[in-house]
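Just below is one structure, and these are the notes that go with it.
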Amino acid sequence: MASYDEPSSSVTLDIHDTCNIPHGHQQLSLFNAHYDERCFLPIHVYDTEKSRLVAGILRTGKTPSRGEVRAHLHPLTRSIRKSWPASRILFRGEGHYAWPEAMALCDDHGVDYVFGLPGTKPLSKKVDGMADAVCVECAIDDPDGVLGYAETRHCAKSWDRGRCAIARIEATRLGLDIRFVVTNLPYGAPQWLYDSLYCARGQAENLIKLHKTQLSSDRTSCRSALANQLRLVSHTAAYWQVLRVRDAIPAPCDLAKVKFSTLRLLKAAGRVIETASRVRLAPSPPPVPKPISSAPCWPRCSCLAAHERRGSAPLTSFLSL
C-alpha cells in the first residue's frame, strides 16, 4: 500500500497457487495427484491491475484447506482496512478457494468476492432451462458453439446463507460444458461477471510466470522450509525492484511493456575497498528519484554500443547485465 501515491477507491486481489517442484525431499513437499509430482503449492496474491505482488507464501503441496484460506484472507483484509478504511476490496480465485468460511469472512467484513464454484447436481438442475435452450440453438444452427449465461440463487448445505451463482453454459459439437462462479456482488450482468470480471484473474498467471520462470522464484533447494520461504521473499523483493524499474520507463517507449527476462540493463554503483586482510563492499545509498526523460531509451543504448565499437574504454564496467 505504501507504493500508492494515494489510497485507491478499490483494489482487486487475485489469489492463486502454483506448482513448485523441488529436487529432493525438502520440508513441506508433498505428493500432489493433480500434478503427479512431489511439490510445493505456494500461494501468490496480486494486485493484478498494477502487477503488484502483495504476498508470496510457501506452503505444502496440497490444496488449501478451508481454515488455511480463511487464515490468509483475514490478515490481508485487516491490513487493507486499517490503511484504507473506505476502499472496496474484491477477491478473485479458483473453485478451491470458495470455502464457506472464506465467503462468510468476506460477507461479514464487507469484502466482495468472485470465486469459481464446483458444479453439483442440485446446482446444475437450476440452470437446466438455459442449458436446454443453448443445446437446441446449437443443434438447429449447427455453429461451432453457442454460449449462454444464467444467474440463480443457491445455498449449499455447508453454507450459512444463499448466494448468487453465475453459470456459463457452452454447447459445442463435443457436448455441453457448464461452469459456475459464486459472488456477493449486487450488480453486473451474468456475462460481464463471468467473462470480464472473473476471467480477468488469468492475468495473475502471467504475473506468476514473470515471478517464477523469469526471476527463478522456484529455486527452493534448501532442506529447511524457513530457508525456502526466505528464498521466496528474496525473489519477491527482486520482482518489486524490476517492476519499479519497468514502471519508471516512459509509456511511449517499447521497454515499458517488456517481460522481465528482456529488461536486463540494471545500473548498480558501489565501492570496493581492498585491504591486506579483507575486501569490503560498500553499496551506494538509495538514490533520490529524478524525473525520467520522455525520450526513448534506444538512442542511449545505440550510443553505448557505438562507443564500444570504436574501441574506447568500456562503459559496461559500471553496468550489471
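The values are calculated or read from the model by the stated rules, or taken from the named source; none is laboratory data. This structure is a prediction, so every number in the text was calculated from the model and none was measured. Heads up, the Cβs are rebuilt from the backbone with ideal geometry, glycines too, and the neighbour counts pull from every protein chain shown.
Odds and ends about this structure:
- Hey, Gly56 assigned by TED's automatic domain parsing to the domain that holds Arg179, closer than 23 Å to Cys106 by Cα and under 19 Å from the mean Cα position of the chain (by Cα) or not: yes
- Tabulated pairs, region 180-193, first closer than 12 Å to Ala165 by Cα, second of a type in the set (D, E, K, R), C-beta under 7 angstrom, 6+ apart or interchain: Val182/Arg163; Asn184/Asp107; Asn184/Asp112; Asn184/Arg163; Leu185/Asp112; Pro190/Glu151
- Restricting attention to region 171-230, the residues that are more than 30 Å from Pro143 (Cα to Cα), among the hydroxyl-bearing types (Ser, Thr, Tyr) and surrounded by fewer than 17 Cβ atoms within 10 Å (Cβ to Cβ) add up to 5.
- Cβ-Cβ under 9 Å pairs, at least 6 apart or on other chains, region 108-133 side assigned by TED's automatic domain parsing to the domain that holds Ala200, far side of a type in the set (D, E, K, R) and assigned to a loop (DSSP other than H, G, I, E, B): Phe115/Glu94; Gly116/Glu94
- Selection within region 217-235 - closer than 15 Å to Arg59 by Cβ and touching a residue at least 40 places away in the same chain (Cβ under 8 Å): Ser217, Asp218, Thr220, Ser224, Ala225, Asn228, Gln229, Leu232, Val233
- Taken over region 8-56, the criterion of being within 27 Å of Ala86 (Cβ to Cβ) and of a type in the set (S, T, N, Q) is satisfied by Ser8, Ser9, Ser10, Thr12, Thr48, Ser51.
- Residue match in region 150-158 (condition: at pLDDT below 95, surrounded by 13 or more Cβ atoms within 10 Å (Cβ to Cβ) and part of a helix (DSSP H, G or I)): no
- Subset of region 1-54 (residues that are part of a helix (DSSP H, G or I) and of a type in the set (Lys, Arg)): Lys50
Condition check ((1) over 30 Å from Ala104 (Cα atoms); (2) touching a Cys at 6+ places or on another chain (Cβ under 8 Å); (3) aliphatic (A, V, I, L, M)) across all residues:
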residue: Ile140; (1), (2), (3): yes, no, yes
residue: Leu147; (1), (2), (3): yes, no, yes
residue: Arg163; (1), (2), (3): no, yes, no
residue: Ile169; (1), (2), (3): no, no, yes
residue: Ile178; (1), (2), (3): no, no, yes
residue: Leu185; (1), (2), (3): no, yes, yes
residue: Trp192; (1), (2), (3): no, no, no
residue: Ala200; (1), (2), (3): no, no, yes
residue: Lys212; (1), (2), (3): yes, no, no
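- Residue, farthest from Leu13 (Cα to Cα), within region 72-122, restricted to residues that are surrounded by fewer than 21 Cβ atoms within 10 Å (Cβ to Cβ) and of a type in the set (Ser, Thr, Tyr): Thr120
- Among residues that are outside the structural domain of Thr213 (by TED's automatic domain parsing), closer than 26 Å to Ala55 by Cβ, at pLDDT 80 or above and of a type in the set (A, V, I, L, M, F, W, C), Ala248 is included.
Conditions tested, residue by residue: (1) among the polar types (S, T, N, Q); (2) more than 27 Å from Tyr239 (Cα to Cα).
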residue	(1), (2)
Tyr46	no, no
Leu53	no, no
Gly61	no, no
Ser79	yes, no
Gly95	no, yes
Leu105	no, yes
Asp112	no, yes
Cys138	no, yes
Pro143	no, yes
